[in-house]
């Protein structure tokens, strides 16, 4: 399996300066959240470093990764384009970088859309990405603070914000995001499950 140092070199080599800075900010917050929530900081760090490794690949390359890895890709090309890079990053982590830890792969895979039944590491990478230090949208700092106070409630809040933003822009909301929101909202707040 790729070491953290090798992953950092890979990210620095393959990502733009801005994307690499984002990646390091995600790593920093992910490690803080892992420490606070009793999750391996090594797993959080590696997932954070690799989460956007496919972000700047052209659409054609992403499609080729899915075609070459059809069973793992699981019809990724039929999901909204903004989630493709996470799916492709998880495939690359497994097939090219030797990551065989399913927790790490899951966190990379669902860092943009979430999923029903999110693990603590999934939530850590999702929130670290959404609320990393360079994020400048008005709610970013509050969301960072909420994540450090209560990861589950902050993830419900983050998923809800993401759904609202996409709907406001008239963009498609990934079905897995809707399922993640309904599932976690019901677990955190109880009541009936949203349909």
By Cβ neighbour count within 10 Å, fewest first, 53, 2 rank 2, 53
Checked against the structure, the computed log10 I(q)/I(0) by the Debye sum over Cα atoms at q = 0.09, 0.10, 0.19 Å⁻¹ among [x] -0.38, -0.46, -1.29; [y] -0.30, -0.37, -1.43; [z] -0.50, -0.61, -1.29 is the one labelled [y]
Protection proxy (average C-beta count within 10 Å per residue), highest first, orders 73-79, 57-63, 101-107, 23-29 as 23-29, 101-107, 73-79, 57-63
Stretched fully, the stretch from residue 4 through residue 42 gains (0.36 nm per residue minus C-alpha distance, one decimal, in nm) 12.9 nm
Taking 39-51, 145-157 and ranking on average Cβ neighbours within 10 Å, highest first, one gets 39-51, 145-157
Expected unfolding gain across residue 59-residue 81 under the 0.36 nm per residue rule, minus the alpha-carbon gap, is 7.1 nm
Distance in nm between residue 95 and residue 165 label points, each 7 Å along Cα→Cβ, equals 2.9 nm
The simple spin-label model distance between residue 67 and residue 148, using points 7 Å out along Cα→Cβ, in nm, is 4.7 nm
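Values in this text are rule-based calculations from the coordinates and carry no lab data. All values reported here derive from a predicted model rather than from experimental measurement. Cβ sites come from the backbone with ideal geometry, for glycine too, and all protein chains shown count toward neighbours.
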